[in-house]
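Participant: Attaching a single structure in structure tokens format; questions to follow.
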Amino acid sequence: MTKRKKNLKSTIWGGRFEGVSSDNLIKFNSSISFDKNLYAQDIEGSIAHAEMLSKQKIILKKDFLEIKSGLLKIKKEIETNKFKFKIELEDIHMNIESRLIELIGESGKKLHTARSRNDQVVTDFKMWIRSDLDSILDLLKQLQENLIIQAEDNYETLMPGYTHLQVAQPVTFGHHLLAYVEMFGRDRARIKDCINRMNECPLGSAALAGTSYPIDRNFVAKKLNFSSPTRNSIDSVSSRDFAIEYLSVLSLIGINLSRIAEELILWSSNGFNFIVINEEYTTGSSIMPQKRNPDAAELIRGKSNRLVGNLVNLITLLKGLPLAYSKDLQEDKEPIFDSSENIKNCLLNMIGIIKSLKINKNKMLKALQKGFPTATDLADYLVTYLNIAFRDAHKITGKIILLAEKKNCSLDELSLEDLRSIEPRIDSNIMKSISINSSILKKTSFGGTSPRLVLKAISDAKRRYL
Ligand code: ARG
């Protein structure tokens, strides 16, 4: 037998083969370069499976003990970079199982009783995603915490609120930051939903049909911290909707991050100058010595496309795929690993940016003095004090704005005579209605921007999220 033939005969599935795999296929088929990420889950799953087999008297206790110590040894080998991953052994499951047989012999050959790689891979994958979601939850919480700290420092810092990126109404910077706290709070809730829904254990579904051995799936599910076993063996090995949910939750986080990133980029630009992003998160230009570019924020904005791309990748992988397992499903892992790495880097950088952010309160206030931000308050004055219907008040206010534009002044720089030339019933009460401060103080409806409510929202947010 040639060396290659021997290699193939010694693969785990080589028994019915007479020929050898093409080198092209060996490379093409192998997933070890990326699914080695699953080694810890694979080992944990195998130990639970072997313990169950021994408890059910499907294998001997001695086999289980040997399997367990062999697997723990392999874990150490992997973690100290001593393990030799082989592409001809395709994936992490067969790499570990082959090494186990090499290390402990006969008992090792019993590990794969009553399971298949099909239920094994999806169990590993679920466990990996679940623990990854825990780390992402933690990062989101840290981000919220830093946003809340900044919001507390700025609960009465005035800034223009924008719609259409045009000055709309005065808001506080703290209120604006708390908008993101809410958005990331929903992202956290989505992650928890996703974990709850996916938390059923597929192991024991075997290839697709279940198994004729008297296994105890509840025992394995419990050992691996799943809430229960999956209910249908075909669904167990075919479905990847949990992975799609993971990618869709991560895409939303990425999109939310891209929006705050964009605002940070805008606010730190020369036109705005509202904030200074710490040097730690900016870079210089190779040609223009004066530049300080917000690279970290730009990359966060830019990475969000990849997260969406990975989601589309996996959704299309599943489309039209017949049940149960097909090798196409091996393609499910790279988009997940890529999104995981990128979202964590985005979150770490965003946390750093927010933590070290400097606020130029004066610049924010200056920007607020342009653009008639209290026009709506003026209309509200006409409604409240003069009993004018809102639609008419809106028209009158529009005329007053035109006048201010012609005179090149702000609303509160118009004289009472100016104002009365448009609506004679206007009285001196109007002056406090159109000042920026009174506008802010009056925004007391639930969820509004008045500093008193912002303070309350901050303490609520601490209780709800931290
Ligand atoms: N490496 C494979 C994957 O990631 C494991 C499952 C292989 N199953 C099989 N029947 N070939 O999907």
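Read-outs throughout are calculated quantities, based only on the coordinates presented, and are distinct from any laboratory measurement. A quick note: this is a predicted structure, and the numbers were derived from the prediction, not measured. Cβ atoms come from the backbone with ideal geometry, glycine included; neighbour counts cover every protein chain shown.
Participant: Does anyone have the angle between helix 295-318 and the longest principal axis of the chain? Alpha-carbon axes, 0 to 90°, nearest 10?
Facilitator: 50 degrees
Participant: Restricting things to alpha carbons, find the Rg to Rh ratio for segment 80-126 using the Kirkwood radius for Rh.
Facilitator: Taking Rh as the inverse mean 1/r over Cα pairs, Rg/Rh reads 0.98.
Participant: If you don't mind, there's one more thing I want to ask. Which peptide among 15-21, 87-93, 427-433 comes first, and what is the full order, when sorted by highest mean count of other Cβ atoms within 10 Å?
Facilitator: 87-93, 427-433, 15-21
Participant: Please compute the net charge surrounding residue 233, taking Lys and Arg as +1 and Asp and Glu as -1 over other residues with Cβ under 13 Å from its Cβ.
Facilitator: Result for the neighbourhood of residue 233: 0.
Participant: For a distance above 16 Å, tell me the whole-number percent of Cα pairs in segment 165-209 that qualify.
Facilitator: In whole percent, the share of Cα-Cα pairs in segment 165-209 beyond 16 Å is 65.
Participant: Right, next: How about residue 399: which lysines have a C-alpha closer than 30 Å to its C-alpha, ignoring those fewer than 8 places off in the same chain?
Facilitator: Within reach: 363, 366, 370, 407, 432, 442, 443.
Participant: On to the next question. Please report the base-10 log of the normalised intensity I(q)/I(0) for segment 211-323, using a Debye sum with one equal scatterer per alpha carbon and no solvent, at each q in 0.18, 0.23, 0.24 (1/Å).
Facilitator: -0.96, -1.19, -1.23
Participant: A further question follows. Which of the trypsin sites (Lys or Arg not before Pro) across segment 225-281 are loop residues per DSSP, with 11 or fewer other Cβ within 10 Å? Walk me through the intermediate numbers first.
Facilitator: On the way: sites: 231, 240, 259; in loops: 231, 240.
Sparse-neighbourhood loop trypsin sites (Lys or Arg not before Pro): 231.
Participant: Sticking with this structure for a sec: Efficiency by 1/(1 + (r/R0)^6): what FRET value for residue 255 and residue 464, r their Cβ-Cβ distance, R0 = 22 Å, to the nearest 0.05?
Facilitator: On the way: r = 22 Å, r/R0 = 1.01.
Approximately 0.50, to the nearest 0.05.
Participant: Angle between the Cα long axis of helix 173-198 and the longest principal axis of the chain, 0 to 90 degrees, nearest 10?
Facilitator: 20 degrees
Participant: Restricting the calculation to Cα positions, tell me the Rg (one decimal) and the Dmax (whole number) of segment 248-389 in Å.
Facilitator: Spelled out, the Cα radius of gyration and Dmax of segment 248-389 are 22.4, 74 Å.
Participant: Still on this structure: Name the trypsin sites (Lys or Arg not before Pro) in segment 340-397 that are in a loop by DSSP and that have at most 11 other C-beta atoms within 10 Å, would you? Can you show the working numbers first?
Facilitator: Numbers: sites: 344, 355, 358, 361, 363, 366, 370, 391, 395; in loops: 370.
Counting only loop positions with at most 11 other Cβ atoms within 10 Å, the trypsin sites (Lys or Arg not before Pro) in segment 340-397 are 370.
Participant: Follow-up question, since we're still on this one. What's the Kirkwood radius of segment 159-274 in Å, using all Cα pairs?
Facilitator: For segment 159-274, the Kirkwood estimate is 17.9 Å.
Participant: Please report, in whole Å, how far the alpha carbons of segment 59-145 spread along each principal axis, starting with the longest.
Facilitator: For segment 59-145, the Cα spread along each principal axis is 53, 29, 26 Å.
Participant: Which whole-number value in Å³ per residue fits the convex hull of the alpha carbons of segment 410-461?
Facilitator: So the per-residue hull volume is 84 Å³.
Participant: Between their Cα atoms, which of 68/109; 76/333; 76/344; 36/192 are more than 19 Å away from each other?
Facilitator: 76/333; 76/344; 36/192
Participant: If you don't mind, there's one more thing I want to ask. With labels modelled as points extended 7 Å from the Cα through the Cβ direction, what inter-label distance (nm, one decimal) is found for residue 305 paired with residue 292?
Facilitator: 2.8 nm
Participant: Would you mind computing, in nm to one decimal, how far apart the modelled labels at residue 27 and residue 113 are, each placed 7 Å from Cα along Cα→Cβ?
Facilitator: Calculated label separation equals 4.1 nm.
Participant: Quick one: angle between helix 39-55 and the longest Cα principal axis of the chain, in degrees between 0 and 90, rounded to 10, please.
Facilitator: 50 degrees
Participant: Same structure, new question: Out of all Cα-Cα pairs in segment 186-225, roughly what percent, to the nearest whole number, are more than 14 Å apart?
Facilitator: The proportion of pairs with Cα distances above 14 Å equals 58 percent.
Participant: To the nearest 0.05, how large is the calculated FRET efficiency for residue 62 and residue 16 if R₀ is 25 Å and r is the Cβ-Cβ distance?
Facilitator: 0.25
Participant: Would you pull out the residues with amide H under 5 Å of residue 168's amide H, same chain only if 5 or more places away, H placed 1.01 Å from N?
Facilitator: Placed amide hydrogens put 161, 162, 163 under 5 Å from residue 168.
Participant: Obtain the nm distance between the two label points defined at residue 321 and residue 141 by a simple spin-label model: each point lies 7 Å from its Cα along the Cα-to-C-beta direction.
Facilitator: Between residue 321 and residue 141, the simple spin-label model gives 3.3 nm.
Participant: I need to check one value: relative contact order of the chain, counting alpha carbon pairs closer than 8 Å and at least 6 residues apart, in percent. Could the numbers behind the result be given before it?
Facilitator: On the way: 627 pairs, mean separation 73.9, N = 466.
Answer for the chain is 16 percent.
Participant: Still on this model: Nearest 0.05, what FRET efficiency do residue 163 and residue 341 give at R0 = 45 Å with Cβ-Cβ as r?
Facilitator: On the way: r = 36 Å, r/R0 = 0.79.
It comes to 0.80.
Participant: Counting each DSSP H run of 4 or more residues in the chain as -39500 (n - 2.57), what helix-only mean residue ellipticity at 222 nm follows after dividing by all residues, to the nearest 500 deg cm²/dmol? Show your work: numbers first, answer last.
Facilitator: On the way: 20 runs with 287 residues, N = 466.
Using -39500 (n - 2.57) per qualifying helix, the result is -20000 deg cm²/dmol.
Participant: Given H placed on each backbone N at 1.01 Å, which residues far from residue 284 in sequence or on other chains put an amide H within less than 5 Å of it?
Facilitator: Counting only residues 5 or more places away or on other chains, the set is 293.
Participant: Report Rg(Cα)/(2.2 N^0.38 Å) for the chain, keeping two decimals.
Facilitator: The reported ratio for this selection is 1.36.
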